[in-house]
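The values are calculated or read from the model by the stated rules, or taken from the named source; none is laboratory data. Only a predicted model underlies this, so the values are computations on that prediction, with no experimental measurement involved. We place every Cβ from the backbone using ideal geometry, glycine too, and count neighbours over all the protein chains shown.
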Amino acid sequence: MKRSKYSEEQITYALRQHEAGTAVADICRQIGVSEATFYLWKTKYAHLGVGEHLVALSCKRRGFCPSCGARRMAESAALLVEEVFPEQPVRQWVLSFPYPLRFLFASRPEVMAGVLGIVYRCIATHLTKKAGFTRKTAQTSAVTLIQRFGSALNLNVHFHMLFLDGVKPPALRHRLRLPPPYSDRTYLATAP
């Protein structure tokens, strides 16, 4: 994993500023990090005596507690914001499935991977055609987060697909932005 460009002393200083009453937005602007990274530091560097670090109902790293889920979510969000996505807008596509497919995907992940590939190709083709290109003449970029459970730990397999807004033809060094989506149009897929 990539080392932080900030030392523990700098991070501790930023966290102590927050304890002294400075707003998180001001601290982040001053040192040049996102708020997600600041809160990740707050969790990660609690052992330095800065702030409180309480883990209720700890699962001992078994993976099924709200504390560990929240920590992983904060780490993933900070990684996406700071290192994966450039300074560009992102469009989110959410795809939910009917119950029989949820059970199929839970029991056979290879089927879910195949469906994910099909969905990605469909959305990428739609975006490149909307920009006036073909899949062979332009590229799209996306990250998919697969959520397997709902808030009540019920089986609810669905995809959160984050596409960078626009397409990149190989001849250009920058991305071509897509027009904004229509506010009065909703794309809805239903099973027959």
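Observations, loosely collected:
- Breaking point among (1) closer than 25 Å to PHE163 by Cβ; (2) out of contact with any helix residue (DSSP H, G or I) (no Cβ under 7 Å at 6 or more places or on another chain); (3) at pLDDT below 85, for LEU145: (3)
- Evaluation of GLN88 against the conditions (1) of a type outside the set (Ser, Thr, Tyr); (2) assigned to a loop (DSSP other than H, G, I, E, B); (3) in contact with a Gly (Cβ under 9 Å, 6 or more places away or on another chain); (4) at pLDDT below 75 shows that the sole unmet condition is (4).
- The residue that is modelled with the lowest pLDDT, counting only those in region 131-141 that are of a type outside the set (S, T, N, Q) and surrounded by 16 or more Cβ atoms within 10 Å (Cβ to Cβ), is ALA131.
- Residue match in region 64-80 (condition: among the charged types (D, E, K, R), closer than 15 Å to GLN147 by Cα and modelled with pLDDT of 75 or more): yes
- Residue check for THR186: at pLDDT 65 or above and polar (S, T, N, Q): no
- Some residue of region 13-33 being on the phi > 0 side of the Ramachandran plot, under 24 Å from the mean Cα position of the chain (by Cα) and modelled with pLDDT under 60: no
- Residues satisfying the criterion are present in region 150-160 (criterion: exposed (fewer than 13 other Cβ atoms within 10 Å of the Cβ), at pLDDT below 85 and in contact with a strand residue (DSSP E or B) (Cβ under 6 Å, 6 or more places away or on another chain)).
- Scope region 94-111; condition under 17 Å from ASN154 (Cβ atoms), of a type in the set (A, V, I, L, M, F, W, C) and part of a helix (DSSP H, G or I); matching residues: LEU101, PHE103, LEU104, PHE105, ALA106
- Residue among THR12, THR22 that alone is of a type in the set (Ser, Thr, Tyr) and in a helix (DSSP H, G or I): THR12
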